[in-house]
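Visitor: The structure under discussion is supplied below as structure tokens; questions concerning it will follow.
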Amino acid sequence: MEQPDAQTSQTTPHNLDSTFHIKVQRLHQLTVYGRWLLVGFLWISLAPLSLWGWRYELSLLRSHFTWAAVRYGIVYNRLPVLGFSICIGMTASVLVWQSRNILLGIHPAEQKRLEHKVHRICQQGASHPLWKWVCER
């Protein structure tokens, strides 16, 4: 009779103890908060700089809106467009990622990565910056 491997029994979702599962959920919640903080930081810092770089084109669009003016603003001011694109792209990617997690659940590879990370955080102890939020409570 074969004994089950201790490592595989710890990583299956059915055998996780409740405190470890709570720690994984906390780490996932911190990941969600961190992504939204990054998106907020981009909108607070990068979007106003992009608008400032586009100030002439915006005044032109307010007075005479044409698609040629929009095209001119995009083609000849690539840096502000890049800044806005980064803000919109990061917002969309976080929305899609979080919606997928809500509707379909956390992907098994992501779950395994979170479990491994929680194990490393708790093993390192108080010297890890996330230990206080993940393992201490």
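Visitor: Just one of the numbered conditions (1) out of contact with any helix residue (DSSP H, G or I) (no Cβ under 6 Å at 6 or more places or on another chain); (2) in a helix (DSSP H, G or I); (3) closer than 30 Å to residue 22 by Cα is not true of residue 118; which one?
Guide: Here residue 118 meets the rest and fails (1).
Visitor: Got a number for residues in the stretch 53-81 being touching a residue at least 24 places away in the same chain (Cβ under 8 Å) and surrounded by fewer than 13 Cβ atoms within 10 Å (Cβ to Cβ)?
Guide: Matching residues across the stretch 53-81 total 1.
Visitor: Among helices (runs of 4 or more DSSP H) lying entirely in the stretch 18-87, which contain 3 or more residues that are farther than 18 Å from residue 98 by Cα and of a type in the set (Val, Ile, Thr)?
Guide: Fully inside the stretch 18-87 and qualifying: 18-53, 67-75.
Visitor: Mind listing just one residue for me: the one in the stretch 123-135 that is under 19 Å from residue 34 (Cα atoms) and not β-branched (Val, Ile, Thr) and, of those, surrounded by the most Cβ atoms within 10 Å (Cβ to Cβ)?
Guide: My answer is 135.
Visitor: Just checking, how many residues over the stretch 96-115 are under 29 Å from residue 128 (Cβ atoms), part of a helix (DSSP H, G or I) and either in contact with a strand residue (DSSP E or B) (Cβ under 7 Å, 6 or more places away or on another chain) or of a type in the set (A, V, I, L, M, F, W, C) (or both)?
Guide: Total satisfying the criteria: 4.
Visitor: Return the residues of the stretch 82-122 that are modelled with pLDDT of 95 or more, surrounded by 12 or more Cβ atoms within 10 Å (Cβ to Cβ) and among the β-branched types (Val, Ile, Thr); say none if nothing qualifies.
Guide: 86, 88, 91, 94, listed by residue number.
The values are calculated or read from the model by the stated rules, or taken from the named source; none is laboratory data. As the structure is a computational prediction, the values presented were derived from the model and not from experiment. Reconstructed Cβ throughout: ideal geometry from the backbone, glycine too, with neighbour counts over all protein chains shown.
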